[in-house]
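The values are calculated or read from the model by the stated rules, or taken from the named source; none is laboratory data. All of these numbers come straight from a predicted model, not from anything done at the bench. Here the Cβ is made from the backbone with ideal geometry for all residues, glycine too, and neighbour counts use every protein chain on show. Accessible surface areas use protein heavy atoms only, side chains included; no ligands, DNA or RNA. Shrake-Rupley method; radii C 1.70, N 1.55, O 1.52, S 1.80 Å.
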Amino acid sequence: MTAGLLAVFSLLIGIGATAQPPTGKRVTKAAPKPPPRASDALFTREVLPILKSSCLPCHSGSNPSGGLNLADRAALLKGGYSGPAVIPGKPDSSPLIRAVRFQGRQMPPQGKLPQSRIDVLTRWVAEGAVWPADNRPIAATSVHQGPPPVNAETRRFWSFRPVKRPVPPKVRSVDRVRNPIDAFILARLEKSGLKPARPASRATLIRRAYFDLIGLPPTPDEVRAFVQDTSPRAWETVVDRLLASPQYGERWGRHWLDLVRYAETNSFERDADKPFVWRYRDYVIRSFHQDKPYNRFLLEQLAGDELPDATPETLIATGYLRLGIWDDEAVDHEQAIYDDLDDILSTTGQTMLGLTVGCARCHDHKIDPMPQRDYYRMLAFFRNVPRYGNRGYESVQSQSLRPISSREEQERHAAETKVYREKLAELNEQIKAIEKLVRPTFSNVEKEDFENEQNRPLIVRLRVPQTISQAQYEEYVARTAARRDLLAHPPRGLEMALCVTETGPEPKKTFVLARGNAHSPGEEVAPGFLSVVTDEKPIFPVLPPDAKTTGRRTALARWIASDRNPLTARVMANRVWQYHFGRGIVRSSSNFGFLGTPPTHPELLDYLASELVRGGWRLKPLHRQIMLSNAYRMSSAPDAVALKKDPENDLMWRFDMRRLEAEEIRDAMLAANGSLNPAMYGPSIKIKLPREVLLGQSVPGQGWDLSSPEEQNRRSVYIKVKRSLSVPILARYDVPDTDSTCPVRFATTQPTQALGMMNSEFVGEQARTLADFTRKVIGGDVSLEPRQVRFVLERVLQREPTAKEVQRGLRLLTDLRRKDRHSPEAALDAFCLLAYNLNEFIYLD
């Protein structure tokens, strides 16, 4: 594709030198080349590369998308099925410009172009949408027709090339460079005639660092200590202390849970629980806290059960392969198998490799050089992974649960097992006695539905009073609940993990499926890697005769986690940058393919990737280097010149302001009012939810028995993630959809957010708790109101309030008492609610 366009560049440059005069007379001397027009240079140097990377892959050739061909000026003006794409001289009226601005139709579909590119296209249309060299078309021969091939040219794409450690560039303002990161940023700014923003204030900086690394606010005392600390290592000390905090694992583990679509239920109508899945969440948190090497982290999740040094921890890690949605009554069982495998492969491709591998399931990838055959070669690594379950808890237990007890625990467990088994056997007999009475009356449909344990009480109830009595039914319900509780709380030593249990060392065959149809197998394929990335062949481990697995996932995991893989380190380094700065060097952080957003600072990205590998794949040294840079310490202050030149801040001339994420908002409320329970790990908690929310389930309130008040005050990462049940305070602030991977969270601004913060029961309770906490620390007398106001604002905003802010707070309390006849207690409650509603509470400058 690119080679064809380069050939057209040569053709365009040569046109004019070989043109014949209209008279047809032969000339012996070439006519002089006319001077290039400014519009020609704009098109060749700036417009064509944008069209090539973001438009021509879909809008060119004999069958362009939407009938719109953007590789020919005449076709461009004619337009597609919706009419002309461009009105020369009128960019605001041109559908092409409106589409790239995301005004109505949104193009390109994978994400909005950087503002600088939109400005180039706008200028081009404003100047007449001129095509160089007499509007000569560059269509049919310039763009590869069909999916891009795997060849030397496509392998030269930036993300497929090996990572090479670049030399930091030289800059004029050497005093602004604290480490190489600053040099890469500053070099681009100096070239563009821009200056970095001034440093952030110390109070702003420490608040940024706390939320960034541990997701919680600093205390007023911690802020004061840092602001007053004039030692040169003060900032470094704060960063190191936060990186060492266990709460770092809770914050950064949550980022990974977004990527792997972590949830604790299966979705679909019943949305049943995934047993013991919380162990995987704890594994992720511990791994980040311990700074486990990222390559080892990936290896354990993909193949922890196959490792020669496998442990209960590595077994729990394979819970990653069990996080997807599960249809427990699939109409087409064979197709469901491939749907589940596709979910695993697509998530792995986007999360670990930054590629949309799943797009090649039914045909060759339309955008990236990824043949359909490559998709099934990759899928073959997972082919022996059985489904999560077939139907009912028993199948899940046999296919996805394994014990993780140590030998010592098993010895301690022996004494408890006998009693446990006797009780379980007794319950089973009592339950079977009633089921024996009702089974003969089942219809064929009921017989099938009865296989699912959740359906059984309803089916049995339909037999009252014809077959069994009401008392027998109530006994059945009680015994079933007792058995369920017993199974959920086995003796110590029978602890289980949700994980992968393969069927044996003999691999199942994998075929290329026509159009992704499980019933249309084609060519048989062996496991293999993406051919555009490598020609390397998988090396499978030598397995013992009694092996329970094929070892294929180990081969895949070692390739993904290899230093030689050009994608893995780049993708993770970009994600680390994204979570620090609010967006990645590559904004499309899970798409490093042809339609992904190119890196704004490619040398910086490769530097960070090489640093990650050089540092033993540990993330904390990378965090440290980023946070000690001047780039991280910039303020978000605007600059008129920079805003005009680079409104999207692609050049990173300032630190982007960001809104706290959903969990941070809830946790910050609990931290401010002193009620946050710091307990870590263990089964998930269930917090109080409005009745209207619980009624939204197919069985209202099912699976949501409340935790104790103390447990409900734990951090949001421990709240049970039930796919059919939204927690309002989290959903309101854009917690991700858990049905698929979430590389970037939205940060919407909606009226319901303000309404919820003012009127929701949860925020009202937190405000009252903050008021009670204030009265406990400061006192409840009206004469202490100035100190109360100061205390509340310090707790909520993590800075000392100004005298003007204190006076405004006092006026509000006075008005509430005198004009609205509030009691002093109610007035302070209302002031605390107001404090939680300040923009400064939920935004980081």
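Annotations for the structure displayed:
- If you take the alpha carbon atoms of segment 228-293 and fit the smallest convex hull around them, that volume is 109 Å³ per residue.
- Calculated accessible area for segment 294-448 comes out at 42 Å² per residue, all protein chains present (probe 1.4 Å; ligands, DNA, RNA ignored).
- Here LYS170 is the anchor, and the aspartates and glutamates within straight C-alpha reach of less than 14 Å, apart from those fewer than 8 places off in the same chain, are ASP182, GLU190, GLU603.
- The chain: calculated mean residue ellipticity at 222 nm from DSSP helix runs of at least 4, using -39500 (n - 2.57): -13500 deg cm²/dmol
- The residues neighbouring ASP734, those whose beta-carbon lies less than 14 Å from its own, together hold a net charge of +1 under the Lys/Arg +1, Asp/Glu -1 convention.
- Take the Kirkwood radius over Cα pairs of segment 547-675, plug it into Stokes-Einstein at 10 °C and 1.306 mPa s, and you get 92 µm²/s for translational diffusion.
- Set of lysines with alpha-carbon distance to LYS436 below 19 Å, sequence-local pairs under 8 removed: LYS447
- Straight-distance crosslink candidates among lysines, where the alpha carbon sits under 23 Å from LYS620 and sequence neighbours closer than 8 are dropped: LYS164, LYS292
- Charge tally in the Cβ shell below 13 Å around GLN372, where Lys, Arg are +1 and Asp, Glu are -1, GLN372 excluded: 0
- Alpha-carbon radius of gyration plus Dmax, which is the widest Cα pair, for the chain in Å: 31.1, 111
- Taking amide H as placed 1.01 Å from N in the peptide plane, ARG658 has its amide H under 5 Å from the amide H of LEU844, each at least 5 places away in sequence or on another chain.
- Normalised by residue number, the volume inside the convex hull of the Cα atoms of segment 448-579 is 289 Å³ per residue.
- Accessible area expressed per residue, segment 134-256, with surrounding protein chains retained (probe 1.4 Å, Å²): 50
- All other residues whose Cβ lies under 13 angstrom from that of ARG618 are scored, Lys and Arg at +1 and Asp and Glu at -1, for a net of +3.
- Packing order of peptides 471-483, 86-98, highest average first: 86-98, 471-483 (average count of other Cβ atoms within 10 Å over each peptide's residues).
- Members of LYS508/LYS548; LYS52/LYS112; LYS418/LYS548; LYS274/LYS722; LYS191/LYS645 lying beyond 19 Å, as alpha-carbon distances in this model show: LYS418/LYS548
- Projected-area average for segment 288-366 over all orientations - Cα convex hull basis, square nanometres: 7.1
- Expressed as a whole percent, the proportion of Cα-Cα pairs in segment 588-735 lying more than 25 Å apart is 55%.
- Proportion of all alpha-carbon pairs of segment 495-553 beyond 19 Å (%): 53
- Rounded to the nearest whole angstrom, the semi-axes of the ellipsoid equivalent to segment 712-796, taken from the Cα gyration tensor as √(5λ), stand at 33, 14, 12, largest first.
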